[in-house]
Amino acid sequence: MSHQTKTLNEPAHEAGDSNRDETATVLLFVGRWHGVTRDQEQALKDVLAEAGGGKLVFVITACEQSRTKRHPLTLEERREVVEGLALKLERPYEIHGVSDISDSTVWVEHMKAVVKDESAGATILDPETTVLVSSNPDVLGLFGKHGFKSHIPSPDGTMPADLHAAIRTGSDWKDIASDATIALFEKCDLVKVIHDLFEDVLLTDDGELSHGRDFKVYSAGMDASLSVKIEDICTHIRPGRIVDKGCGTGSLLIHLSTLFPESEIVGMDLSSELLRTSEGQFFPNHNVSIVRGNIIHQRFRTGTVSTIILSSVMHEVYSYNGYDREQVRLALANSRKELELGGRVIIRDGIKPKFQGKVWMRCDEESEARFRKFAREFKNKSDAPGVEFAERKIGDVTWFYLDMHGANEFLSKKDYLANWDMEVNEEFGVFTLDEWQTEFEKQGYRMRECRSYLNPWIADNRYSNHVWLHADDGGKPGEVLPYPDTTAIIVAEAV
């Protein structure tokens, strides 16, 4: 049985507490419960002070999963973790194990049925009498659609993912873990278990690419292009172990989990903020794990990866390592080591235009001001910041005379205002298509696809009627030029 019930003396309500929900008889806690931290324990204590009375019902999700990166603990070990927390909360409680299902639309009903059945009808998860306690956006959304009210614990502080990261990196994990978690991990030697599960991942120090990044804006922008990204990438994937290097919010991982349920899906990023978001996603299958790592270095054993996805990250490897192409080459070389024979690297990123000659550019008033700012600040952390250009007035029109690469970099950044200070230091055009092909072939790859295209939405909504490019006609503006391509799709195979 995966059901457990205990009764404790329930503390009396304080008079006059207007924040309490007097109708609630059940407080529902849903999670994977692969550890509890001191911060997490305190956050749940704090929210109970607001939520009022009621029996505590803990649901351990994916109870059939164990000894994987995403679910390192067994059901019995997770139950012991939960019971250690429940005893400290000093309420009557139940613990249920619920297996996961792939259809999220019936997930709540599935959970309600399991709890009702295992409690022999004693516990009914009903929106009128049950309040959800969770900070997971997906769980909150699914229960919210069924009319459940919720209390959201503070997401600040350390979480189980931080606990496991501390174990893997040799940090003092006991400073993070609750007393019950420490006791369980020591009794069952779970420190060794977690080390063994992650032994093929070499973790680096925690870090972000820059200070001041607005992660909500950044993440929304990345996720907005997801459907196009899926179309560009997924047809080239070779099943097996699929690694998304620079996984960001983890949105692509959700689709990979659905499309390749028999594959091992690994999301890797260096940003602790984005890793936390990825770790909190609701994945349809239990084949996804999240790890911290640097794209440049080898992270997996030689010959053990079937597909490596590098989406919108190679220009960051280049830009945040001193605009050094050698770092890009090193990332390709180490990815080649990780790939099995026939394994693939898929790059989706910006592209440097093949034409590098001079062009004439004119802009609307707003874009004109942005260009002057861009021309001063582009790559301002480099040894040669800024963009060289000449400005000329012809009639009533102001023209800028510069090379196509500079014009392309301006076009690709002019609308990223929320994260301008960061974006203006990123150079999207690392290589031309021909240069990419040469680099891959030098590293022992065989090209399967190497193309670029102009994203029509970007052209219509960000470029058209804002910026115009013209050819150079003997020192004056000539014919109108098409906008440069925005996106490269490069697929190479290890041979």
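If you scan segment 45-76, which residues turn out to be modelled with pLDDT of 90 or more and either in contact with a strand residue (DSSP E or B) (Cβ under 6 Å, 6 or more places away or on another chain) or surrounded by 20 or more Cβ atoms within 10 Å (Cβ to Cβ) (or both)?
Lys55, Leu56, Val57, Phe58, Val59, Ile60, Thr61, Leu73, Leu75
Given the residues Ala459, Ala407, which is the only one that is in contact with a strand residue (DSSP E or B) (Cβ under 8 Å, 6 or more places away or on another chain), assigned to a helix (DSSP H, G or I) and either in the same structural domain as Glu338 (by TED's automatic domain parsing) or of a type in the set (Gly, Ala, Ser) (or both)?
Being in contact with a strand residue (DSSP E or B) (Cβ under 8 Å, 6 or more places away or on another chain), assigned to a helix (DSSP H, G or I) and either in the same structural domain as Glu338 (by TED's automatic domain parsing) or of a type in the set (Gly, Ala, Ser) (or both) holds for just one of Ala459, Ala407, which is Ala407.
Out of Asp403, Asp364, Asp396, Asp415, I need the residue that is surrounded by fewer than 20 Cβ atoms within 10 Å (Cβ to Cβ) and either within 26 Å of the chain's Cα centre (by Cα) or over 22 Å from Trp468 (Cα atoms) (or both). Which one?
Just a single option satisfies the conditions, and that option is Asp415.
How many residues, within segment 77-116, are outside any helix (DSSP H, G or I), more than 22 Å from Leu142 (Cα to Cα) and at pLDDT below 90?
2
Only one of (1) farther than 29 Å from Leu341 by Cβ; (2) at pLDDT below 95; (3) not acidic (Asp, Glu) is not met by Thr486, so which one is it?
Tallying (1) farther than 29 Å from Leu341 by Cβ; (2) at pLDDT below 95; (3) not acidic (Asp, Glu), Thr486 fails exactly one: (2).
Among the candidates Gly322, Gly343, which residue alone is on the phi > 0 side of the Ramachandran plot and not assigned by TED's automatic domain parsing to the domain that holds Trp436?
On inspection, the qualifying residue turns out to be Gly322.
Scan Ser150, Ser178, Ser134 and give me the residue that is outside the structural domain of Thr25 (by TED's automatic domain parsing), under 17 Å from Phe58 (Cβ atoms) and in contact with a strand residue (DSSP E or B) (Cβ under 7 Å, 6 or more places away or on another chain).
Being outside the structural domain of Thr25 (by TED's automatic domain parsing), under 17 Å from Phe58 (Cβ atoms) and in contact with a strand residue (DSSP E or B) (Cβ under 7 Å, 6 or more places away or on another chain) holds for just one of Ser150, Ser178, Ser134, which is Ser178.
Restricting attention to segment 146-174, and to residues there that are over 23 Å from Thr68 (Cβ atoms) and without any contact (Cβ under 8 Å) to a residue 12 or more places away in the chain, which single residue is surrounded by the most Cβ atoms within 10 Å (Cβ to Cβ)?
Among residues in segment 146-174 that are over 23 Å from Thr68 (Cβ atoms) and without any contact (Cβ under 8 Å) to a residue 12 or more places away in the chain, the one surrounded by the most Cβ atoms within 10 Å (Cβ to Cβ) is Lys174.
Taking Val57 as meeting all but one of (1) without any contact (Cβ under 8 Å) to a residue 40 or more places away in the chain; (2) assigned to a strand (DSSP E or B), write down the number of the exception.
Among (1) without any contact (Cβ under 8 Å) to a residue 40 or more places away in the chain; (2) assigned to a strand (DSSP E or B), Val57 violates only (1).
I need every pair where a residue in segment 101-123 that is surrounded by 12 or more Cβ atoms within 10 Å (Cβ to Cβ) has its Cβ under 6 Å from the Cβ of a residue that is of a type outside the set (A, V, I, L, M, F, W, C) and in a helix (DSSP H, G or I), sequence separation at least 6 or different chains.
Ile101/His110
Can you name the residue in segment 173-220 that is outside any loop (DSSP other than H, G, I, E, B) and modelled with pLDDT under 65 and is also nearest to His315 (Cα to Cα) among such residues?
Tyr218
Do you know which residues across segment 418-443 are crowded, with 16+ Cβ neighbours inside 10 Å and part of a helix (DSSP H, G or I)?
Selection gives Trp420, Met422, Glu423, Leu433, Trp436, Gln437, Glu439, Phe440.
Need the failing condition index for Arg446 against (1) at pLDDT 95 or above; (2) farther than 22 Å from Leu330 by Cα; (3) surrounded by fewer than 17 Cβ atoms within 10 Å (Cβ to Cβ), just the number.
Single failed check for Arg446: (2).
Is there any pair with a first residue in segment 323-337 that is in contact (Cβ under 8 Å) with a residue 40 or more places away in the chain and a second that is surrounded by fewer than 20 Cβ atoms within 10 Å (Cβ to Cβ) whose Cβ atoms are under 6 Å apart and which are 6 or more apart or on different chains, and what are they?
Final answer for the pair search is Tyr323/Ser382; Leu332/Gln443; Ala333/Gln443; Arg336/Gln443; Arg336/Gly444.
The values are calculated or read from the model by the stated rules, or taken from the named source; none is laboratory data. These numbers come from a predicted model, not from an experiment. FYI the Cβ positions are ideal-geometry reconstructions off the backbone, even for glycines, and counts take in every protein chain you see.
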